[in-house]
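Notes for the one structure printed next.
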Amino acid sequence: MINNSQKIKVFRESIPSFACKPGCHDCCGPVTASSEEVSRLPMKSDAEHDEALAEFNCPYLGKNGCEVYDERPLICRLFGTTPSLPCPNSCAPTQMTDPKIERQVLKFHKETRQVLL
Ligand code: SF4
Ligand code: SF4
């Protein structure tokens, strides 16, 4: 049986990447992720969390976009790659995420303790 770390690795490899509209971060906002994913991110203070939440933002959104891009959570990766999470700017990969993978990612979210970034 594979552990959460292995699942995350498989999901990351299975979700296609694509080019966003330059400078866009319209889909960034308060998101949740499994504690395993959150543990890989640098700590933010309570004040930074509060400040981001007050603006309905993600605490990892910096002036130049996502500050933790290589470790961004699965939900951030999934956005724009499935018909259920379409990019408002019509950006998308050539091949969308396999629906079976999307279902597995959503199941993973339900089964793991989710933490607000
Ligand atoms: S997926 Fe769409 S909305 Fe999100 S950052 Fe990329 S271009 Fe912007
Ligand atoms: S982790 Fe990065 S990609 Fe995800 S919502 Fe925050 S800033 Fe956006």
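Since every read-out is calculated from the coordinates, none of them should be taken as a lab result. These figures come from a predicted structure and were not determined experimentally. FYI the Cβ positions are ideal-geometry reconstructions off the backbone, even for glycines, and counts take in every protein chain you see.
How long is segment 3-55 along each principal axis, judged by its Cα atoms, biggest number first, in Å?
33, 31, 15 Å, listed from the longest principal axis down.
Distance cut-off 29 Å, Cα to Cα: go down the list Lys21/Lys100; Lys44/Lys107; Lys63/Lys100; Lys63/Lys110 and report the pairs above it.
As for pairs spanning more than 29 Å Cα to Cα, those are Lys63/Lys100; Lys63/Lys110.
In what sequence do Asp26, Asp46 fall when counting other Cβ within 10 Å, fewest first? Mind dumping the intermediate values first?
Numbers: Asp26 11, Asp46 7.
Final ranking by Cβ density, sparse to dense: Asp46, Asp26.
When the helices in the chain are scored as -39500 (n - 2.57) per DSSP H run of 4 or longer and the sum is shared across all residues, what 222 nm value do you end up with, to the nearest 500 deg cm²/dmol?
-10000 deg cm²/dmol
Using a 10 Å cut-off around each Cβ, can you sort Met43, Met96, Met1 from fewest to most neighbouring Cβ atoms?
Met1, Met43, Met96
Please list the equivalent ellipsoid semi-axes of the chain, computed as the square roots of five times the alpha-carbon gyration tensor eigenvalues, in descending order and whole angstrom.
22, 19, 12
Using r as the Cβ-Cβ distance of Phe108 and Ala54, and R0 as 35 Å, what FRET efficiency do you calculate, to the nearest 0.05?
In this case the efficiency is close to 0.75.
Pairs of alpha-carbon atoms within less than 8 angstrom and 6+ residues apart define the contacts here; what relative contact order does the chain have, in percent? Display every interim value, and only then the final one.
Working: 128 pairs, mean separation 48.8, N = 117.
Value for the chain: 42 percent.
Within 10 Å of each residue's Cβ, count the other Cβ atoms and sort Glu37, Glu13 from fewest upward.
Least crowded to most crowded, the residues run Glu13, Glu37.
Considering only DSSP states other than H, G, I, E and B, which GluC sites (Glu not before Pro) in segment 41-89 qualify as loop sites with at most 16 other Cβ atoms within 10 Å?
Of the GluC sites (Glu not before Pro), the ones in loops of segment 41-89 whose Cβ has at most 16 other Cβ atoms within 10 Å are Glu55, Glu67.
Volume per residue, Å³, of the convex hull around the alpha-carbon atoms of segment 51-113?
Details: hull volume 8.2 nm³, N = 63.
Per-residue hull volume (Cα only) is 130 Å³.
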